[in-house]
Amino acid sequence: MAVYLKKCLIVGKPNVGKTAFLINFAEYLGVRIFEFDFALPDGTKFKKKYSCKTAFHELVDSNPHKTLALQSVTLEIPVGKGKKKIQIIDTTGLIDGIHEDQNVRKSISQTISEILNSQIIIHIMDGAAVIKKDSLSSPSEVDYQISKLARSKRGYVILVNKMDLPDAEEGLKIIKEKFHGNIVIPISAINKRGFKEVKTFVAYNL
């Protein structure tokens, strides 16, 4: 009998730390060798194994839209006295408007479709970029649209990332005000801050 895995989708704008969060969260849960499943917009699928260090080197980039496919890892989350498996999926950064690159547009469309098919939505925002309203990663209209689309699901949470940086505390306050009524967890994907709370949230929704 096939085992049904719940999907946990990581979404947000480019450069908010989605891929870094996935890699470090998996490591926090005890993963040392990552087996990523890649699903390209054209239907191509393949697998690749990485160490944590190699995954960071190959998959994390300061340039926007490094991720142009669904990148997923199956993880075990402690639930009660046992563990449950979940598929956590990294996605292409979403933007306001229409991107000029056709490949990016296809990847964004793939991400939006996956929001509808996932049971848990982890919406990451850059807390340090909030006051920089011209920043590519600062919260904007697309974040409101993500929230509107995903908050009907019980498993929707906003992670305010980069709490290790200056201005992030002020950014966190602003995000809590603007996205009032949603669960908001401050994190640092690099320093693994807030991961215990994220694990508890995910386990509760399994």
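The values are calculated or read from the model by the stated rules, or taken from the named source; none is laboratory data. Model, not experiment: these values are computed from the prediction. Positions of Cβ are generated from backbone atoms using ideal geometry, with glycine treated the same way; all protein chains shown enter the neighbour counts. Calculation scope for accessible area: heavy atoms of the full protein, side chains included, ligands and nucleic acids excluded. Shrake-Rupley method; radii C 1.70, N 1.55, O 1.52, S 1.80 Å.
How many residues does the range 167-206 hold that are touching a helix residue (DSSP H, G or I) at 6+ places or on another chain (Cβ under 9 Å), under 14 Å from residue 24 (Cβ atoms) and in a loop (DSSP other than H, G, I, E, B)? Result for the range 167-206: 5.
Within the range 125-166, being among the hydroxyl-bearing types (Ser, Thr, Tyr), part of a helix (DSSP H, G or I) and either open to solvent by less than 10 Å² (accessible area, probe 1.4 Å) or over 18 Å from residue 177 (Cβ atoms) (or both) holds for one residue alone: 147. Candidates are the residues of the range 167-206 that are without any contact (Cβ under 8 Å) to a residue 60 or more places away in the chain and at positive phi; the one that is surrounded by the fewest Cβ atoms within 10 Å (Cβ to Cβ) is 181. Being at pLDDT below 90, within 26 Å of residue 127 (Cβ to Cβ) and out of contact with any Pro (no Cβ under 6 Å at 6 or more places or on another chain) holds for only one residue in 7, 18, 66, and it is 66.
Confirm whether residue 195 is more than 16 Å from the chain's Cα centre (by Cα) and not small (Gly, Ala, Ser). Considered against the rule, which asks whether it is more than 16 Å from the chain's Cα centre (by Cα) and not small (Gly, Ala, Ser), residue 195 comes out as no.
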